[in-house]
Amino acid sequence: MSFPSVRRVSTTNVRPASYTDRDEFDDNHKRIDLNPWDLTHLRQLYMQRGLLFQKWEQAEEETAKEVTDNMITRLKTSLSFTLDYFFPLAGRLGIQKHENDGTVSFYIDCNFEGVEFIHVTAEITVEDILSPTYTPQSLIDSLFSLNEVKSYEGRTHPLLSIQVNELLDGSIFIACSLNHLVSDGTSFWHFINSWSEISRSSSGSCHNPGHPPVFERWFLNDADSPIRLSFTSDDEILLGMKRSSSPPHGLVEKCFRFTKTNIAILKATANSEMISGAKQNAAISSLQAVLAHVWVAVTKVRMDLDGLFLG
C-alpha cells in the first residue's frame with residue numbers, strides 16, 4: 001500500500017477547563033522535578049497509543065457531518081475537563097541551567113500551554129487497517145502526530161498530541177502521542193481511560209475520574225532534587241545514540257494484529273499447559289497469554305540474531 005493521503009481539517013490548542021481564563025502573565029507555575037526513573041526516557045520517542053472505532057448508527061435527522069462535528073466537540077470538551085486532573089500533560093518540558101557547575105536539570109513546567117488536538121481526514125478504511133496480515137508502518141505513522149520526536153524535545157513540542165482521524169467509511173481512529181518523560185505506559189492508559197470515562201458521562205464537567213492521578217516523584221532524599229545532568233547541547237543529549245531510528249538495512253517493520261479467535265486459542269493453549277500441582281487452580285488471562293507469546297517470539301529472534309552476528 002502506498003502512503004495514505006491525510007488532510008488536516010483543524011488544529012486546536014486544548015487547555016484544562018479550570019485554567020482557560022487564567023492570567024497569561026502569571027509565571028507562578030507548578031514545577032515537577034523528574035527523578036532518575038523518568039530521566040531514563042530522555043532519549044526515547046514519544047509513546048503512541050491508538051483507538052479504532054467503527055462507524056456507528058446515526059439518527060435519521062442527522063447528517064454525517066453533524067455526527068462528526070458533535071463528536072469532535074465532545075472529545076475536545078471532555079479532554080479539557082480531563083486535563084483539570086491530568087494538568088501536567090498540558091505543560092511543557094523545562095530546563096534549568098545551573099551556572100555554578102555548568103549542569104542542567106529537566107522538569108515538567110505545568111504552565112497550561114495546552115494539548116495539541118488535530119482533526120484530519122484519511123483516505124483509508126477500517127479494512128485497510130484490519131484486513132492485511134500485517135499493517136504497513138507507513139499507514140500507522142500517517143495516523144499519528146509527533147512521529148520520530150524524542151522526549152527531550154518536549155521543550156518546543158506539546159507533551160501530549162491527539163490526532164483524530166476521520167476515515168473514508170465513517171470510522172474514527174484516535175491516535176495519542178505522549179512524552180515518555182512525563183508518563184509511563186500504565187499512566188498513559190490511566191489518562192485514556194479517565195478521558196473515556198468523562199466523555200461517556202452525561203454530566204460532563206461535573207464528573208470526576210474514578211482514580212485520580214498522582215504526580216509526586218520519589219527521590220532518595222531532598223538533596224537529590226533536582227537531579228543535575230552535564231549536558232550543554234542537544235548533541236550531547238544524543239551522544240551514543242543513532243539519530244535515525246529506522247530499521248537496519250534489509251529489515252522491515254511490521255505491525256501485527258491478534259484477532260479475538262487468535263487470542264482465545266492462545267489463552268486456551270496457555271491454560272492447558274498449567275498442569276503442575278502447585279498451579280493447578282491458576283488461570284492465565286488473555287493479556288498474559290498474548291504477552292507471553294510475543295516475548296517468546298522476541299527471545300527466539302534475539303537468539304537467532306546473536307548467533308548470526310557471532311557466526
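The values are calculated or read from the model by the stated rules, or taken from the named source; none is laboratory data. This one's a predicted model, so the numbers in the text were calculated from it and none came from an experiment. Virtual Cβ from ideal backbone geometry, glycine too; neighbours counted across all protein chains shown. Areas reflect the complete protein model, heavy atoms only, side chains present, ligands, DNA and RNA absent. Shrake-Rupley method; radii C 1.70, N 1.55, O 1.52, S 1.80 Å.
Each peptide among 134-141, 156-163 gets the average number of other Cβ atoms lying within 10 Å of its residues, and from highest to lowest they stand as 156-163, 134-141. Among Glu123, Glu116, the sequence by solvent-accessible area, most first, with a 1.4 Å probe is Glu123, Glu116. The order of Arg200, Arg217, Arg257, Arg8 by accessible area, most exposed first and with a 1.4 Å probe, is Arg200, Arg8, Arg257, Arg217. Distant-in-sequence amide contacts of Phe258, defined by a placed amide H-H separation under 5 Å and a gap of 5 or more residues or a different chain, comprise nothing.
Hey, can you grab everything whose amide H is under 5 Å from the amide H of Gly170? Only 5+ residues off in sequence or another chain; H modelled, so Pro and N-termini drop out. Correct list: empty. Counting protein heavy atoms only, the stretch 131-198 has 51 percent of its accessible area on carbon and sulfur, 1.4 angstrom probe. Using R0 = 45 Å, the C-beta based FRET efficiency linking Glu127 and Phe219 works out to 0.35. Here the extension length gained between Lys30 and Asp169 equals 45.7 nm, from 0.36 nm per residue of separation less the Cα-Cα distance. Distances between placed amide hydrogens fall under 5 Å for Gly94 paired with Tyr107, Ile108, Asp109, all partners being 5 or more residues away or on another chain. Computed on protein heavy atoms with a 1.4 Å probe, the accessible areas place His293, His190 in the order His293, His190, largest first. Backbone phi angles across the stretch 154-170, fed through the Karplus curve with coefficients 6.51, -1.76 and 1.60 (θ = phi - 60°), yield HN-Hα couplings of x, 5, 10, 10, x, 6, 9, 10, 10, 10, 9, 9, 8, 8, 4, 8, x Hz in residue order; Gly and Pro are listed as x. Here the Karplus relation 6.51 cos²θ - 1.76 cosθ + 1.60, evaluated at θ = phi - 60°, turns the backbone of the stretch 120-135 into coupling constants of 10, 10, 10, 7, 9, 10, 4, 5, 5, 8, 9, 6, x, 4, 9, 8 Hz, with x for every Gly and Pro. Taking a spot 7 Å from the Cα of Arg49 along the direction of its beta carbon, which residues of the stretch 74-116 have an amide N less than 19 Å from it? Answer for this model: 75-91, 115-116.
Pairs over the 31 Å Cα-Cα cut-off, from the set Lys55/Lys76; Lys76/Lys150; Lys65/Lys267; Lys30/Lys55: Lys65/Lys267; Lys30/Lys55.
Taking every protein chain into account, the accessible area of the stretch 105-230 amounts to 42 square angstrom per residue (probe 1.4 Å).
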